[in-house]
Structure formats: C-alpha cells, structure tokens
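Worksheet: one structure, shown below.
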Amino acid sequence: MKKLLHCVDIKSNFDTFKYLETDKNIFEKASQVGFRLRREGNTVPLIDLIIAAHCIYYDLTIITTDPHFKLINKKLNLKLKFFK
C-alpha cells in the first residue's frame with residue numbers, strides 16, 4: 001500500500017507539468033544536430049537533443065547545469081541559462 005501511495009504522490013507532481021506535443025520535426029531537428037555533433041567527435045545523449053529541439057520549437061528557455069547543452073548550443077540558438 002505504501003508503494004501505491006508513493007506512486008500516486010509522484011504522479012500528482014507530474015500533473016502540474018504542461019504536456020508538449022512531439023512531432024516529426026522535433027525528432028528530425030534532434031537527429032540533425034546529434035549527427036553534426038557526433039561528426040565533430042561530440043556524443044550527446046538523445047534525450048538532451050530532444051529537449052533542445054522542443055525548446056527551439058516552442059521558444060522555451062533551458063535552465064540547466066548539464067554541459068551537453070553548451071555543445072548543442074553551438075549548433076542551435078538556444079535560450080540557455082546555466083546554474084553553477
């Protein structure tokens with residue numbers, strides 16, 4: 001029962017997030033940027049590429065400490081803020 005309550009509690013936290021549709025253009029942008037970075041010797045996690053593509057598509061700012069976004073930003077004009 002305790003696990004079920006914990007699951008419900010976690011789900012309620014996710015209910016506050018806004019859902020963003022993902023279409024083919026977002027995946028294409030993520031794959032293009034990932035390909036260009038990898039060709040230069042930089043491997044970036046797919047989820048970071050998808051997040052960045054979403055932020056471009058929806059004109060959102062990324063607030064992060066993840067250094068992969070600095071690499072992605074070299075290929076995309078992200079709205080990017082870093083925590084130290």
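Could you list, in their original order, any pairs among 18/74; 24/84; 11/75 whose Cα atoms are separated by more than 29 Å?
On the way: 18/74 27 Å; 24/84 34 Å; 11/75 35 Å.
Pairs exceeding 29 Å: 24/84; 11/75.
Working from the pairwise distances between different alpha carbons, so that the mean of 1/r is found and then inverted, what is the chain's Kirkwood radius in Å? Please report the intermediate quantities before stating the final value.
Details: mean 1/r = 0.0697 Å⁻¹.
Here the Kirkwood hydrodynamic radius works out to 14.4 Å.
For the stretch 47-55, the Karplus equation 6.51 cos²θ - 1.76 cosθ + 1.60, evaluated at θ = phi - 60°, returns couplings of 4, 5, 5, 5, 4, 4, 5, 4, 5 Hz by residue, with Gly and Pro reported as x. Straight-line cross-link partners of residue 81 among the aspartates and glutamates, defined as a Cα under 17 Å from its Cα and at least 8 positions apart when in the same chain: 48, 59, 66.
Laboratory data are not the source of any read-out in this text; all were calculated from the coordinates shown. Owing to the predicted nature of the structure, the values given are computational and were not obtained by experimental measurement.
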